Every structure is written in C-alpha cells, then in structure tokens.
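The values are calculated or read from the model by the stated rules, or taken from the named source; none is laboratory data. This structure is a prediction, so every number in the text was calculated from the model and none was measured. Glycine gets a Cβ as well: all are built from the backbone with ideal geometry, and neighbour counts include every protein chain shown.
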Amino acid sequence: MSETSPVPAASQAQVLWFLPTHGEGRYLGTSVGGRAVDLNYLRQVAQAADDLGYYGVLLPTGRSCEDSWVVASAVAPMTRRLRYLVAVRPGLQSPSVAARMTATLDRISGGRLLINVVTGGDPVENRGDGIFLPHDERYEVTREFLDIYKSLLAGEVVERHGKHLSIEDGRLIFKPLQPGGPALYFGGSSPAGIDVAVDLVDKYLTWGEPPADVAAKLARVNAAAAARGRRLSFGIRLHVIVRETNAEAWKAADDLIRYVDDDTIAKAQAIFGRMDSEGQRRMLALHGGRRDRLEVSPNLWAGVGLIRGGAGTALVGDPETVAARMKEYMALGIDTFIMSGYPHLEEAYRFAELVFPLLPLAHGQPAAAVDVNTGPFGETIANDLLPQKNAAQS
C-alpha cells in the first residue's frame with residue numbers, strides 16, 4: 001500500500017452551519033457590535049438553518065462555550081429536519097455515560113444527532129478539566145473510549161480492561177434511534193490522531209487549509225484506512241464571507257478584523273503557541289500572526305485565525321467564486337462542509353441564498369416561492385406589480 005492514496009471526488013455536498021455558543025458579533029476581537037448569545041438567539045440561528053435547508057449545525061465544545069449537549073437538547077425540539085453535531089469528550093466523560101447521553105438525545109431528536117469526537121489540544125484547558133496526559137496518551141484514551149462507546153451503542157454487553165479505561169457488564173437499556181448510533185466525526189492531524197481515525201470513525205475532518213495541503217492530508221488518511229480495510233468520508237471546517245461582488249466580500253473581510261490590534265493578535269498567538277494540537281500548529285503556520293499574508297490560497301483568507309483558535313480560515317468572494325472553491329475541495333474528496341460566518345444569523349441566510357443554488361447539495365434545499373407579495377409597501381412595485389428578476393441578472 002502506498003504512503004498516500006487519492007480520494008475519489010465527491011459528486012454532492014452536505015453543508016452544515018454553526019451555533020455560536022461561545023459568543024457572537026459583527027466584528028472579531030471586540031465587544032463592539034457584540035450581541036447576547038442566549039437560548040432565544042441560538043433558537044433563531046437553528047431555525048434559520050433548518051428553514052434554509054442546511055444539513056445540520058455544529059455546536060462547539062470547551063470551557064469557552066455553553067455546554068453543547070444542554071443546548072442541543074433545548075433547541076432540537078424547535079426544529080424539524082436539522083441535525084446536531086455534538087461533542088463527546090474522551091477523558092472528560094466515561095464511555096458508558098456518553099453512550100447513554102447519545103442514545104437519549106438521538107431518540108428525543110428523532111434520529112437527528114451526529115457525534116463530534118474531540119480529544120482536546122490545549123494542555124492548559126485540559127488541566128483545568130482534570131486531564132494531565134500528554135498528547136499521544138490522550139489519543140490512547142480516545143481509542144479505548146471509542147471502542148467501548150461504539151460497542152455499547154451497537155447493543156453489545158461490554159467488558160474491557162485497558163491501560164486507561166475498564167468496564168464490566170456495560171450495556172444500554174434504551175438504544176439509539178439510529179442503528180448502531182450516530183455517525184462519528186473526528187479531526188486529528190497528528191500521526192496519533194490519524195491512527196485513531198482510520199480505525200474507529202466515519203468522517204474525517206480537516207480545518208480549511210489550502211487545497212494542495214488538504215489533498216496531501218486526505219490521501220495520507222485514505223491510504224492508512226485502506227490498509228486496514230476501511231473507507232472514510234471527508235469533511236472540512238471553514239468560515240465564509242460571501243457578497244454579491246468580490247470587492248464587497250474582501251471589504252467585509254477587512255471590516256471583520258477592523259478592531260483587532262497588534263497586542264490582541266500577539267496575546268492570541270501566544271495562547272495558540274502553547275497548544276500541542278498539530279491541527280492548530282498547521283493553522284498558525286499559514287499566516288504566522290502577520291496581517292500581510294492572510295490570503296494563503298486564492299480566496300482562502302486566514303484573518304479569522306489571527307485571534308480565533310481552531311478553524312481560522314474563510315472562503316471570501318462572490319457566490320460564483322465561493323462555489324467554485326468549494327467544488328475544488330469536492331474534487332479532492334470533501335463531501336461535507338461545516339461553515340460559519342459573522343454574525344451567524346444573518347450570514348446563514350446570505351450564504352444559503354447566494355451559494356446553495358450553485359452547489360450540488362446532497363440534502364436538497366427548500367423550494368422558494370415564485371410569487372412574493374409582502375406589500376402594499378416596499379416589496380411590490382407601485383403597490384400592484386410583483387418584482388421580476390432583471391434579465392441582466394439571469
């Protein structure tokens with residue numbers, strides 16, 4: 001088996017959005033333009049994503065966020081089709097408790113749960129959560145956790161005695177609605193992370209690196225999975241700044257970081273530098289904390305990563321450009337896009353309305369009404385005529 005193996009191109013895409021449980025606003029790195037992120041606001045974002053036809057939403061995890069399980073449980077009944085990508089945390093949860101939580105939320109949501117497996121890459125935050133293991137041992141815990149967790153969700157009676165985790169007579173009484181449990185999503189760029197992924201997860205995720213880097217990573221993961229008789233699907237986590245023209249989109253990108261000063265960047269980069277996450281190291285290497293090297297690939301902008309950990313890149317451009325860049329990733333084998341934009345409520349509409357019609361979506365999209373009459377003031381013409389698309393825009 002070769003060290004790398006190309007991944008078949010994806011013919012259709014699943015697109016997820018993001019619930020900003022860690023805070024929200026019009027600008028990064030400032031309270032200017034900030035807004036309260038409470039249950040009512042998160043409901044609005046989730047219902048917008050549901051109505052617009054997104055496949056699901058990602059809920060972040062960590063001490064900077066509201067708890068993803070509690071938020072998903074509260075918001076899921078307010079939506080109809082939307083799926084919820086919620087984190088399990090090996091080392092923070094026992095696999096049996098996590099399996100019960102998973103089965104319960106899967107049932108009460110009508111089978112709309114997806115699972116994000118998060119090992120954690122910040123040693124300081126990990127110690128604050130009581131985890132003192134070094135990088136590779138955390139992935140040993142993740143492996144043992146997933147072995148038990150998946151067996152429980154599959155309906156097995158489980159007994160394991162591992163280096164880190166042991167269980168006797170483990171079982172679920174109430175099973176998940178999805179047979180065998182929800183699909184497992186996972187991102188890990190280190191050799192230890194990839195080793196876990198190719199054995200135990202369903203969808204391998206990468207952050208938004210330039211296409212050549214993504215292609216190399218996916219080929220490496222695909223070859224390792226094939227050597228073990230497995231096949232994974234692939235997804236990517238990106239921000240997006242789309243406007244009707246490229247010039248407007250780049251101006252919006254500049255505006256997003258207009259209040260970010262050099263001192264804020266330096267403090268953020270110092271925090272990222274302490275992390276032992278290979279994915280975070282790769283994000284940092286794209287720009288090195290410098291404002292003059294933020295377009296790291298055509299229309300791939302790393303400005304978000306100046307102060308935001310994790311996913312730090314955004315696709316920037318007009319609808320046709322953004323769709324074209326997404327299709328470039330699809331050609332590499334990416335079939336799932338987890339997108340976000342600031343503020344998340346408005347940008348959920350903007351991205352869906354402008355870009356969804358240009359993509360081959362696996363989950364379709366709601367049919368738009370042909371005739372719209374919200375008059376008599378404003379939307380109709382002269383109080384009587386319905387607006388028509390300008391022939392030059394068709």
**Fill in**
Filtering region 286-301 for residues that are closer than 14 Å to Gly312 by Cα, in a helix (DSSP H, G or I) and at pLDDT 80 or above leaves a count of 3
**Asked** Has region 77-95 got any residue that is among the hydrophobic types (A, V, I, L, M, F, W, C) and part of a loop (DSSP other than H, G, I, E, B)?
**Response** yes
**Message:** On the basis of being of a type outside the set (Ser, Thr, Tyr), in contact with a Phe, Trp or Tyr (Cβ under 6 Å, 6 or more places away or on another chain), surrounded by 15 or more Cβ atoms within 10 Å (Cβ to Cβ) and not in a helix (DSSP H, G or I), does Val57 make the cut?
**Reply:** yes
**Asked** Looking at region 300-320, is at least one residue touching a Phe, Trp or Tyr at 6+ places or on another chain (Cβ under 9 Å), crowded, with 22+ Cβ neighbours inside 10 Å, under 27 Å from Phe356 (Cβ atoms) and without any contact (Cβ under 8 Å) to a residue 60 or more places away in the chain?
**Response** yes
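Conditions (1) at pLDDT 95 or above; (2) more than 28 Å from Thr321 (Cα to Cα), marked per residue:
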| site | (1), (2) |
| --- | --- |
| Leu256 | yes, no |
| Val260 | no, no |
| Thr264 | no, yes |
| Asp276 | no, yes |
**Request:** Check whether at least one residue in region 260-272 is of a type in the set (Ser, Thr, Tyr), buried (at least 18 other Cβ atoms within 10 Å of the Cβ) and either touching a strand residue (DSSP E or B) at 6+ places or on another chain (Cβ under 7 Å) or not in a strand (DSSP E or B) (or both), and report yes or no.
**Result:** no
**Asked** If only one of Ser96, Ser68, Ser109 is modelled with pLDDT of 95 or more, under 18 Å from the mean Cα position of the chain (by Cα), buried (at least 17 other Cβ atoms within 10 Å of the Cβ) and not basic (Lys, Arg), which one is it?
**Response** Ser68
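Being of a type in the set (Gly, Ala, Ser) and surrounded by fewer than 17 Cβ atoms within 10 Å (Cβ to Cβ) is the filter; apply it to region 184-230 and report the residue that is nearest to Asn299 (Cα to Cα).
Of everything passing the filter in region 184-230, Ala212 is nearest to Asn299 (Cα to Cα).
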**Request:** Mind listing whichever residues of region 231-250 are surrounded by 16 or more Cβ atoms within 10 Å (Cβ to Cβ) and β-branched (Val, Ile, Thr)?
**Result:** Ile236, Val240, Ile241, Val242
